[in-house]
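What follows is a single structure, written as structure tokens, with notes after it.
The values are calculated or read from the model by the stated rules, or taken from the named source; none is laboratory data. From a predicted model like this one, the values you see are computed outputs, not experimental measurements. A quick note on method: Cβ atoms are made from the backbone with ideal geometry, for glycine too, and the neighbour counts reach across all protein chains shown. Quick note on the areas: whole protein, heavy atoms, side chains included, nothing else; ligands and nucleic acids left out. Shrake-Rupley method; radii C 1.70, N 1.55, O 1.52, S 1.80 Å.
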Amino acid sequence: MSCKVIGEFKSVTKRFGATVALDGLNLKICHGINGLVGPNGAGKTTAIRLCFGLIKPNAGSAKLFGLDCWRDSYTIRSRAGVLYEKLAFYDNLSGLEQLKLMAKLKGASNPLVELKELLRLVELDEAAYDRRIRGYSAGMRQRLGLAQALLGNPELVFLDEPTSNLDPLNRAKILELITILNKEKGISFLISSHILPELERVCNNFILMDKGKLLRQGAIGQMFDKDSTTKFIVKVHPVKPVATLLKNEVCIENLSIVDDCLHVSVRNVGLFKQRLPLLISQANASLDEVKMVESDLEAVFKLAVKEA
Amino acid sequence: MSFQVGLALLKAELGKVWARPILEITVALMSVMSIASIKPLTEIYGQSKFSVAFQSAVAESVSTTVASLLLPLVIMCAVLMSLSFARDYEQGMMQSLLSVPVSRKLLFTVKFVAVVLPLALLSWGFTLFFVGITFYSNPWLVLQFSFYALSVSFLSLMFCGGLGVLISLAIKRTLPSVLTALLTNFFFWFPTTINMEFALREGASYANYLCLTPYNGSLTFLNKLLNVGQVSSFSPIANSLQYTLSSGSFGGLVVFYACIVVVPMFVYFCRRFEIRE
């Protein structure tokens, strides 16, 4: 896997009594936007907490920026930000006061103008800046949490379900913001979410976990290189010449024509996406629609969990 | 820088812990308990004996006020400490605070001080006020004696708060922690209601050791500092531990109780504490 590694877990094990939360976990956090995917209880939040020194591993080594996550957690905490799924603030303070306090605790010298700019960036309603947090809606709290995570120009930001309390429109805005921050400020992200199509849209490195173990890691294309198949429905006119050409392709596992549509099981999605337009033009056909029965990430995720 | 960070955090913690109606409830509870302890100087003394009698009355008044304030102090300290630690853990505030570059030592100290210091100051303030309104003619003496109350309340609260932290970090749930801390502290406070002299006369030998319990120990220490409740050498209880041990021994005992839970909890929080849920 070619990526600039900023964090690495090597055989990390964490037990809570009889429960094994992380079971020899190996993973790499790359520079860019990382997606952390796994079913409930996979150990995603435990892994995030471990990065901040809130948990000490029983075995293995966890490093971020080349520093030990338990021993050097103080330095790590000043270089990374986090938004936990469980949002907690000093509810008696206003949003701006909370941000001022956290900036002070982080040792960030953000003047008031910058703090306001940060709140504007996460699109927190300006009227809410001086209102007490206890009166905030779930979405407003989420935005404030995100602003808090971005305090002090962090190199890496961990986001645990960052869009869980937002409507689809605002979810898209937050994802757009993450992409912009990554491109313009070079901030890396590790996003843990169950909304896989969203992750697929913004992330360039995926970490799939289950039962405290790494299932797969890498870009979507890399993860598809295994024996998995993904189903596509292709609407083309005429169907038959395209079907004949497709049958001979190595990336195709299975093919059938149903209701004038091609139902294709694809072994290598990357190759299929490359070859399909060429074959369609070769057959002098026209493409109406290509629909994936499930998203790439969903397919990989399901397959990886099934294999595990 | 670290001092400023500590101050900012303390301000935020004070605002959270003492938010309405906590302060109002505490003040009301303490007022009710202190009013009951007011004892005006009613006897008539000769001019030569007056200053001694006055001094002894002030000391006695301080002692009874502190003793009557102990129950609300213990209740509020148990509740607030559990709220501060267990609720923060349960609601995710603890993990948020531990994820910013603030040392665990500072966080523990700030959270502990945000509960204990205002309670100790309130107890001192109430003692000063309620003793002062009776013995207003000698405010200096009242101030001097009530300072002893401040130190003793503070040391008692260290024990009570330590128990609160221990229970909160063990249970990690707000309501069960509050109830357990309340019951535990009530159990430790209860021996202060037992009349040692009466129990010894009735043949209950355990009463001799009651003065060694945390809150009895601190009240006995205060009485010894104020020279209150002395008995003659002919009294049947003159040989009991309460009267034979020196004020220094009780001082040591109170400091021991103040540290016995807090220090291990501090070390645990700084070195081993984990967010597990």
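Distant-in-sequence amide contacts of A:Leu159, defined by a placed amide H-H separation under 5 Å and a gap of 5 or more residues or a different chain, comprise A:Leu83, A:Leu190, A:Ile191, A:Ser192.
How large, in percent, is the carbon and sulfur part of the accessible surface of chain A at a probe radius of 1.4 Å? Of the solvent-accessible surface of chain A, carbon and sulfur hold 48 percent.
Between the helical axis of B:47-82 and the longest alpha-carbon principal axis of chain B there is an angle of about 20 degrees. With contacts taken as Cα pairs under 8 Å and at least 6 residues apart, the stretch B:57-161 reaches a relative contact order of 46 percent.
Under the combined filter of DSSP loop state and at most 11 neighbouring Cβ atoms within 10 Å, the stretch B:226-277 retains these trypsin sites (Lys or Arg not before Pro): B:Arg272. Secondary-structure-derived ellipticity at 222 nm for chain B, considering helices only, amounts to -24000 deg cm²/dmol, per-run term -39500 (n - 2.57) for DSSP H runs with n ≥ 4.
Around A:Cys261, with a cut-off of 11 angstrom between Cβ atoms, what is the net charge of the other residues, counting Lys and Arg +1 and Asp and Glu -1? It would help to have the intermediate numbers written out before the result.
On the way: positive: A:Lys235, A:Lys291; negative: A:Asp259, A:Asp260, A:Asp288, A:Glu289.
Within the 11 Å Cβ shell, the charges total -2.
To the nearest ten degrees, helix B:247-260 and the longest principal axis of the Cα atoms of chain B are 20 degrees apart.
Here the Gaussian network model covers chain A, with springs between Cα atoms less than 10 Å apart; of A:Cys261, A:Cys30, A:Cys203, A:Cys261 fluctuates the most.
Computed from the alpha carbon atoms alone, the convex hull of the stretch A:5-222 holds 119 Å³ per residue. Between A:Thr179 and A:Thr13, full extension at 0.36 nm per residue minus the direct alpha carbon distance yields a gain of 56.6 nm.
The mean sequence distance of close C-alpha pairs (under 8 Å, at least 6 residues apart), as a share of the length of the stretch B:2-272, puts its relative contact order at 25 percent. Can you tell me how chain B classifies by the Cα gyration tensor, rounded, prolate or oblate, using a/c under 1.5 as the rounded cut? Prolate.
Measure out, as a whole number of angstrom, how far apart the alpha-carbon centroids of the stretch A:260-282 and the stretch B:104-137 sit. Centre-to-centre distance over Cα atoms comes out at 76 Å. The overall shape of the protein assembly as shown is prolate: from the C-alpha gyration tensor, with semi-axes ordered a ≥ b ≥ c, the ratio a/c is 1.5 or greater and a/b exceeds b/c.
Spin-label model, B:Ser31/A:Val20: points 7 Å from Cα along the beta carbon direction are separated by 6.1 nm. Residues of the stretch A:32-61 whose accessible area (probe 1.4 Å, heavy atoms of protein chains only) drops by at least 50 Å² once all protein chains are present, relative to their chain alone: A:Arg49, A:Leu54.
Divide by every residue of chain A the summed helix terms, -39500 (n - 2.57) for each DSSP H run of at least 4, and state the resulting mean residue ellipticity at 222 nm, rounded to the nearest 500 deg cm²/dmol. Calculated at 222 nm, the ellipticity per residue is -10500 deg cm²/dmol.
Relative contact order of the stretch A:1-125: what whole-number percent is it, with Cα pairs under 8 angstrom and at least 6 residues apart?
20
Averaged over its residues, the protein assembly as shown has an accessible area of 46 Å² per residue, based on protein heavy atoms and a 1.4 Å probe.
Which value, in debye to the nearest 20, gives the size of the charge dipole of the protein assembly as shown about its Cα centre, when Lys and Arg are +1 and Asp and Glu are -1 at the Cβ?
Numbers: 58 positive and 44 negative charges, 190 e Å.
For this selection, approximately 920 debye.
Taking the Cβ of A:Gly60 as the center, what net charge do the other residues with Cβ under 13 Å away carry, scoring Lys and Arg +1 and Asp and Glu -1? Here the count lands on +3.
Between B:Leu179 and B:Val231, 0.36 nm times their residue separation minus their Cα-Cα distance comes to what? Provide the component values of the computation, followed by the final result.
Details: separation 52, 0.36 × 52 = 18.72 nm, distance 3.89 nm.
Separation in residues times 0.36 nm, less the Cα-Cα distance, equals 14.8 nm.
Antiparallel beta bridges, as assigned by DSSP with both residues in the protein assembly as shown, represent about 70 percent of the total such bridges. Rounded to the nearest Hz, the phi-derived 3J(HN,Hα) couplings of the stretch A:30-40 under the Karplus curve 6.51 cos²θ - 1.76 cosθ + 1.60 (θ = phi - 60°) are 9, 5, x, 10, 9, x, 9, 10, x, x, 4, where x marks glycine and proline. The convex hull built on the alpha-carbon positions of the stretch B:126-277 has an orientation-averaged projected area of 11.8 nm². For B:Trp189, the accessible surface of its heavy atoms amounts to roughly 30 Å² (probe 1.4 Å, protein chains only, rounded to the nearest 10). Rolling a 1.4 Å probe across all protein chains gives B:Thr134 an accessible area of roughly 40 Å². Contact residues in the stretch A:96-120 (at least 20 Å² less accessible area with all protein chains than alone, 1.4 Å probe): A:Leu101, A:Met102, A:Lys104, A:Leu105, A:Lys106. Proximity of backbone amide H atoms, modeled 1.01 Å from N, is registered between A:Met209 and A:Val37, A:Gly38, A:Leu215 at under 5 Å, excluding neighbours fewer than 5 places apart on the same chain.
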